[in-house]
Amino acid sequence: MGSYGDYDDLTAPHVIDIRSGVSELLSSEEIERSLKAEPPSFPSLLLWNEQGLQYFERVTYAKEYYLTNCEIELLKQHSHKIASRIEPGSVIVELGSGSLRKIMILLQALEDLRKPVDYYALDLSRSELERTLQAVNPGTFQCVRCHGLLGDYDAGLEWLQRFQNASRPRVVLSLGSTLGSFTRREAAEFLGKFANALNHCVDGAVNSEPLMVIGLDGCKDGEKVWHAYNDTEDKNDEFIRNALDYAGRFLDNGVFQQHDWDRRGEWNEELGRHEQYLIPKKDIWFEGRCLKAGEKIFLVASHKYDSAERQNLWAGAGLFELKGWQTNEHQYGNFPFTYGIKSGLTVCRTLSVIYETSELIGP
Ligand SMILES: C[S@@+](CC[C@H](N)C(=O)[O-])C[C@H]1O[C@@H](n2cnc3c(N)ncnc32)[C@H](O)[C@@H]1O
């Protein structure tokens, strides 16, 4: 490995393939299984191909989609405080990096503090990693080296525990309320696995502080949340509907024609989450099963976390909150949905005590 700021390839950061043999995360069998289950659903991974990632980036610019602006605001205010906690020599992994718009703020803060670190953007599409990493081409930073990790979360978890990484201080980031797509129990288990991985250190890293930085949406105002996922320019609609095109690439049987399907977003007050469905406009026969006209077929949910739910999540994952920040209500007054918006950014330290998740997290 060269010195910081010294790249072998001077044209673009390197993307490392950490997938374990299987190049496609999704298979036609998995899509079939989900659609033939009772109730039927679409695997949410159908959202995240190259095209889906580009559509999602457009969603982040929708005026109603407050989440990105809130997080940018919080990062602008607090990135130097976060950066000062990160040790020189750290490996920083961002889970589901998407566009690098937000992380650039933290990387710049690390650069300002002259901290030599390695940043790894982990995501599912090689072409999108290569495209987004152009924002940090060699020369952008002197101290911060940037790389791509091509793989899913499991591959990232395994990679973090490899000797060359486990012997260095490590920081894991999950931004953009990505955790919101898990159920609350799944989110605790997911974070818990990464907390465990960070607690497992070898050699010189034993004394370092294992850190996670987590961005979660705390808005429970159903109307505001609904508008964020049902924007007037249909950016979200385009993003969600891309799942049909992607599914059609696995199962080319005419079932996933755009004109045969509607998309619907609903706020579920009881579960505190927004849900998105694809709905056949007519009866569609799929492998001997009828997907009925009007039947809501679940694709993805976005769970929102109030303060008590966040505390439950940290406890369930074995995390200790060092510092949390929230955007103020009324802060985003320049678009129609102005109040009740809260989005949190939290810096957690992992604890070696792991709680029994089932006691603390509801369904
Ligand atoms: C809601 S987007 C957030 C993107 C970005 N972090 C942000 O804040 O705008 C979720 C990201 O997680 C990635 N992702 C989803 N499932 C994944 C998986 N199983 N493994 C790795 N990345 C995944 C997606 O490709 C996408 O980039």
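The values are calculated or read from the model by the stated rules, or taken from the named source; none is laboratory data. In this text, all values refer to a predicted model and were calculated from it rather than measured experimentally. Positions of Cβ are backbone-derived with ideal geometry, glycine not excepted, and every protein chain shown enters the neighbour counts.
Just a few scattered comments:
- Segments classed as helices (runs of 4 or more DSSP H), wholly inside segment 103-217, with at least 2 members that are closer than 25 Å to Lys76 by Cβ: 103-112, 126-132
- Failed condition for Ala109, given (1) within 16 Å of the ligand (Cβ to nearest atom); (2) farther than 14 Å from Val213 by Cα; (3) surrounded by 18 or more Cβ atoms within 10 Å (Cβ to Cβ); (4) of a type in the set (A, V, I, L, M): (1)
- Matching entry among Leu129, Leu133, Leu95, Leu45 (being in contact with a Phe, Trp or Tyr (Cβ under 8 Å, 6 or more places away or on another chain) and modelled with pLDDT of 95 or more): Leu95
- Residue ID - surrounded by the most Cβ atoms within 10 Å (Cβ to Cβ), chosen from residues in segment 218-246 that are assigned to a loop (DSSP other than H, G, I, E, B) and either within 14 Å of the ligand (Cβ to nearest atom) or among the acidic types (Asp, Glu) (or both): Tyr229
- Cβ-Cβ under 6 Å pairs, at least 6 apart or on other chains, segment 159-171 side under 10 Å from Val117 (Cβ atoms), far side of a type in the set (A, V, I, L, M, F, W, C) and assigned to a loop (DSSP other than H, G, I, E, B): Val171/Ile86
- Scanning segment 66-101 for residues being more than 15 Å from the ligand (Cβ to nearest atom) and without any contact (Cβ under 8 Å) to a residue 60 or more places away in the chain gives a total of 4.
- Positions within segment 77-94 being part of a loop (DSSP other than H, G, I, E, B) and buried (at least 20 other Cβ atoms within 10 Å of the Cβ), in sequence order: Ile86, Ser90
- Selection status of Tyr153, within 22 Å of Glu209 (Cβ to Cβ), among the aromatic types (Phe, Trp, Tyr) and in the same structural domain as Glu189 (by TED's automatic domain parsing): no
- Residues of segment 126-153 that are free of Cβ contacts under 8 Å to residues at least 24 places away in the same chain and within 16 Å of the ligand (Cβ to nearest atom): Arg131 alone.
- Selection status of Glu128, under 30 Å from Arg273 (Cβ atoms), among the charged types (D, E, K, R) and surrounded by fewer than 21 Cβ atoms within 10 Å (Cβ to Cβ): no
- Some residue of segment 179-186 being assigned by TED's automatic domain parsing to the domain that holds Pro88, more than 16 Å from the ligand (Cβ to nearest atom) and either farther than 30 Å from Trp267 by Cα or at pLDDT below 95 (or both): no
- Cβ separations smaller than 9 Å between residues 6+ apart or across chains give the following pairs from segment 223-251 residues that are at pLDDT below 95 to residues that are β-branched (Val, Ile, Thr) and surrounded by fewer than 16 Cβ atoms within 10 Å (Cβ to Cβ): Lys224/Thr338.
- Single residue of segment 1-26 satisfying the filter (of a type in the set (A, V, I, L, M, F, W, C) and modelled with pLDDT under 65) that is nearest to Leu46 (Cα to Cα): Val22
- Top-ranked residue of segment 305-327 - restricted to ones that are assigned to a helix (DSSP H, G or I) and surrounded by fewer than 22 Cβ atoms within 10 Å (Cβ to Cβ), ranked as modelled with the lowest pLDDT: Ser307
- Residue in segment 24-43 that is under 22 Å from the mean Cα position of the chain (by Cα) and closer than 17 Å to Gly176 by Cα present: no
- Total residues in segment 36-76, condition of a type in the set (Phe, Trp, Tyr) and either surrounded by fewer than 17 Cβ atoms within 10 Å (Cβ to Cβ) or outside any helix (DSSP H, G or I) (or both): 4
- Verdict on Ala121 being near the ligand (Cβ under 10 Å from one of its atoms) and more than 30 Å from Gly254 (Cβ to Cβ): yes
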